[in-house]
Structures are given as structure tokens and as C-alpha cells.
Amino acid sequence: MKISCDDDSEKTPMASPELNLINNAKLEGLSHPVQVIAVTGGKGGVGKTSVSVNLATAMAAADKRVVLLDGDLGLANADVFLGLSPRYTLAHVLSGERTLDEVVIPAPQGFLVVPAASGAADLANLGEMESLGLVQAFSTLAARVDVMIVDTAAGISHSVLQFSQASQHVVVVICDEPASLTDAYALVKVLSRNHGVSRFRVLANQVRVQGAGAELFRRFELVTARFLDVVLEFAGEIPEDEYLRRSVREQRTVCDAYPSSPAARAFKKLAARADTWPVPAGPRGNLEFFVERLVRKQTPRLEAVQ
Ligand SMILES: Nc1ncnc2c1ncn2[C@@H]1O[C@H](COP(=O)(O)OP(=O)(O)OP(=O)(O)O)[C@@H](O)[C@H]1O
Ligand SMILES: [Mg+2]
């Protein structure tokens, strides 16, 4: 397995003063690599939040230090799934009212949660001092985490695209419904054509028959291979499981509440697989770099190639 990082220096048009500030800030406090995984999918209700909170739980149970960044402002967002009532969000950090440490809350499942702000749309319009503040805030968090999971909203909004292109790994959640496949296709198309993302990890959710996830993946891959220049990798399948629904109603994660259920076991496997996904070496693997890409307007994206 080799990790190759595109050198984007040639593709970056001109470093703005704002980016120089950020780059200098990065040099002062280099932190260790953090694996950043965006969970997305296009269609609403395919299971993005379920996957995010359970992957976070399973990775935390495997002794990873995990932070879940809630990138969705919708009603059924991560804090509801986890039974949390956050007082502050990332918006308070951006406005300078709170520090990131004051905003981050611990979930009982053993990981940290950064509650949603008003999406990355705002992040793309930050001034240079705000950008710098955000990079520094995340660099203090970086010292305490190994993995950041970003739960994104439904659709192909600006915030979904920004979070996805800023992450090292994009997990596209699909299920066996025509609307899921067409929405996921549209998302992959926009991310690949306009945002430089060419590698996707596809997770089949709500799978009714064991093995049907791989079949669904092949169907999806057939269409993308015909029309798009992307590499898709099958990330596995999560069975449809009544225990998962029950855990949502109980505001717990299925991995925590019903660890031997089929869904929980599948999430454990996913967590083990995710642990093998490459983390870019050097500064590019740092959390500050994620924020940099998030706040940058036009972002050439590094690709991890296996
Ligand atoms: N593997 C599964 N087995 C059974 N039910 C599931 C599974 N995955 C998701 N669900 C059900 O689907 C519902 C919607 O899931 P979830 O909220 O995770 O989707 P989402 O993609 O995050 O939705 P949104 O786009 O609204 O954010 C859950 O409340 C749960 O009841
Ligand atoms: Mg959701």
C-alpha cells in the first residue's frame, strides 16, 4: 500500500496573504496526523448519521481518539442520535464567543462531538483572522484525536461539497433504492468534476440479504465507470437491523446499546477496515490542513492512492 500525495503547489494559482498566514500558523504547532473521514451520500435518510455515530463508537471502542464533527443542521442530527444537548456550536467559535474547547462535548460512547455550525458555506467566507483562529482552534484539538468523522447533510449543498473535498476519505452511503443511487451518482459527479475528488469509498446500508451490498456496489460502479473518471472502493455493507432503529429511538448507538447485533458487528468490521485506510504523512495529514482546505475557496485536493 503506498500513499501518494499530489503536489498541489503547481495547481494552486497564487497563495493569498490569508493562506500564508495559515501556513505560517501551521508551522508553529505541527501536530500528528489525523484521519479525516466524511460520511456523505446525497439522498436524505440513507443512514449517514447512523453510520457516523456508529463508526465513531466502534473506532472509540478500538481505542482510537475520535471526534465527530456534525456538519448537518437538519433536525435529526448527530446530537439527537446521541442524546446530547449542546449549548454551543462551531458558530460560537467563529464569532469568537467561545473557544473550541468550550464547544466540544463528550458523548457517553467515548468520543468527542463538535456540534453543527451553519454549514461550511459560512466557513468559505471567513476573513483571514477568523480563518487563522479556526486553524489554531483545530490544531489544539488535533493533539487529542486520531480520527475525525464528519457527518454531512443530505443533498449536494455547498457545505456537503466543502466538507467532502476537505476530508481525506469520502464515504458515500448508498442503499438499494433508485433515488439513493441517482443522488449518490450526482454527488460523485459534482465532487469529481468540480472539486477534484476522484476516490470514493462506497458503503451499502440497510442491506436486507447478506452479500447484497457488494452487488449494489457493482451496479453503482458500472454506471460511474461508464461516465466518470473516478475510483470507487467497496467499504462493506451494514445490514438493515431493527436493533439500529431501536437504538435511534433510545438516543444511543447500536454499537453501544446492542454490541452483538448484526449492525453493530458490521460497524466493528467497518471500523477495523477504516483503520487501514492511509493517512497522508507530514503536514498534509494534520487537522489544520483539513481546516485550511475547508476555508479555502478553490481547493486542489490531495489524493491517497493505494
Ligand atoms: N442499517 C439500518 N437498519 C435499520 N434502520 C436504519 C439503518 N440505517 C438507517 N436506518 C434508519 O433510517 C433512519 C434515517 O437514518 P439517518 O438519520 O442515519 O439517515 P441520514 O442519511 O443521516 O438522514 P439525513 O439525510 O436526514 O441526515 C434512522 O433513523 C434509522 O431508523
Ligand atoms: Mg443525518
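Before moving on, here are some points about what is shown:
- Reported count of residues in the stretch 232-269, each being farther than 26 Å from H169 by Cβ, within 12 Å of ligand 1 (Cβ to nearest atom) and out of contact with any Leu (no Cβ under 9 Å at 6 or more places or on another chain), is 6.
- Residues that are farther than 23 Å from M148 by Cβ and assigned to a loop (DSSP other than H, G, I, E, B) within the stretch 233-283 comprise E240, D241, E250, Y258, P259, S260, S261, listed in sequence order.
- A60 being touching a strand residue (DSSP E or B) at 6+ places or on another chain (Cβ under 8 Å), of a type in the set (G, A, S), surrounded by 15 or more Cβ atoms within 10 Å (Cβ to Cβ) and at pLDDT 95 or above: yes
- Residue count for the stretch 246-274, restricted to those that are among the β-branched types (V, I, T) and buried (at least 24 other Cβ atoms within 10 Å of the Cβ): 2
- If you go through the stretch 131-172 and pick out every residue that is within 14 Å of ligand 2 (Cβ to nearest atom), within 8 Å of the chain's Cα centre (by Cα), part of a helix (DSSP H, G or I) and among the hydroxyl-bearing types (S, T, Y), you end up with 0.
- Once the stretch 189-232 is narrowed to residues that are among the acidic types (D, E) and outside any loop (DSSP other than H, G, I, E, B), the residue that is farthest from S157 (Cα to Cα) is E215.
The values are calculated or read from the model by the stated rules, or taken from the named source; none is laboratory data. A quick note: this is a predicted structure, and the numbers were derived from the prediction, not measured. Backbone-built Cβ (ideal geometry, glycine too); neighbour counts: all protein chains shown.
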